[in-house]
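Structure record follows, encoded as structure tokens.
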Amino acid sequence: MWPDMKKPFLISTSSPQPAAPRAQMSCANVLDGRGRGRAAHRRAHGWLADPAIYRADFANRWRALMVHLFGSREDCAAAFGVTFQTACNWWDGSCRPSGDRVALAAITWPVEFAQFLGVRDGA
């Protein structure tokens, strides 16, 4: 059953030759490995929208939200504490807001925010 404790136990844990180096994959790029492309990676991890498409369309969605919420560019600038020119850029759809302004809109107008900036089918 149990080995005789008076006799030494000989277990070889290493060899005189160094181990061959293993090719380890870096975790920096999650798309590497198993031949996954971007679309397969998104499907596997349950992403609802392609980030590149959403980013390209975000300025238009933000513009639609601003036009819906505010009667003028001045009202938009006052509500977010930005310059009139920034409000004009948003109103024209030529610029996107910074994250703090987006978060403010999501907290202040959650229903409208979801309606205009939520993920739609196919986008």
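The values are calculated or read from the model by the stated rules, or taken from the named source; none is laboratory data. Owing to the predicted nature of the structure, the values given are computational and were not obtained by experimental measurement. Cβ placement follows ideal geometry from the backbone for every residue including glycine, while neighbour counts extend to all protein chains displayed. Heads up: the accessible areas ignore ligands, DNA and RNA and are worked out on the full protein's heavy atoms, side chains in. Shrake-Rupley method; radii C 1.70, N 1.55, O 1.52, S 1.80 Å.
Residues being loosely packed, with under 15 Cβ neighbours inside 10 Å, among the small types (G, A, S) and not in a loop (DSSP other than H, G, I, E, B): count how many of those fall in region 73-123.
Counting residues in region 73-123 that are loosely packed, with under 15 Cβ neighbours inside 10 Å, among the small types (G, A, S) and not in a loop (DSSP other than H, G, I, E, B) gives 5.
Among the residues of region 56-72, how many are under 16 Å from E112 (Cα atoms), over 24 Å from the mean Cα position of the chain (by Cα) and open to solvent by less than 70 Å² (accessible area, probe 1.4 Å)?
Number of matching residues: 3.
Exactly one of (1) open to solvent by 100 Å² or more (accessible area, probe 1.4 Å); (2) modelled with pLDDT of 90 or more is unmet by I11. Its number?
Answer for I11: the failing condition is (2).
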